[in-house]
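Have a look at the structure below, then the notes.
Read-outs: derived from the displayed coordinates by stated rules, not from any lab. The structure displayed is predicted, hence computed values, not measured ones. Here Cβ is always computed from backbone atoms with ideal geometry, including for glycine, and neighbour counts include all displayed protein chains.
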Amino acid sequence: MIELNGIGYGYESDEVVLREISFSIRRHEKAVLVGANGCGKTTLLKLIDGLLFPKEGTYRYKGQAVTEAALREPDFRRQFRREVVLLFQNPDVMLFNPTV
């Protein structure tokens, strides 16, 4: 269902955050992401959620590449956004903001 192959990502400061990340998660399979503070867990989750896009490697969801272009396609975006969700550690941040 989710397949990452050789994913790499770095922020604009040219700092490499993720390098050569590869794994797959099949339907009904559960996975746990564990690591020290600052090791890239949140960045990886943002990539899986389509909020960020890898600088190298490929990310596929149900066999289709997840790219900025793919997420502009209404049918794919609707299905992807319905099925792939990132919940933040503190949900109040998502729901109750003082500004937009």
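Once you order the gyration tensor axes a ≥ b ≥ c over the Cα atoms, which shape class does region 20-69 get: rounded for a/c under 1.5, otherwise prolate or oblate by comparing a/b with b/c? Show your work: numbers first, answer last.
On the way: a/c = 1.98, a/b = 1.17, b/c = 1.68.
It is oblate, given that a/c is not under 1.5 and a/b is not larger than b/c.
In the P(r) worked out for the chain, what percent of Cα pairs fall beyond 20 Å? Present the calculation step by step, with values, prior to reporting the outcome.
On the way: 2158 of 4950 pairs.
Here the tail beyond 20 Å accounts for 44 percent of pairs.
Before anything else, pin down the relative contact order of the chain: Cα pairs under 8 Å, at least 6 apart, normalised by residue count, whole percent. Write down the numbers at each step before the final one.
Details: 114 pairs, mean separation 27.2, N = 100.
Here the relative contact order equals 27 percent.
Rounded to the nearest 0.05, what FRET efficiency do A70 and E29 give with R0 = 30 Å and r taken as the Cβ-Cβ distance? Could you check?
Details: r = 23 Å, r/R0 = 0.76.
For R0 = 30 Å, the calculated efficiency reads 0.85.
Between region 13-56 and region 59-75, how far is it from one alpha carbon centroid to the other, in angstrom?
17 Å
If the elastic network links every pair of Cα atoms under 10 Å, which of K55, K30, K41 fluctuates the most in the Gaussian network model of the chain?
Highest fluctuation among the options: K30.
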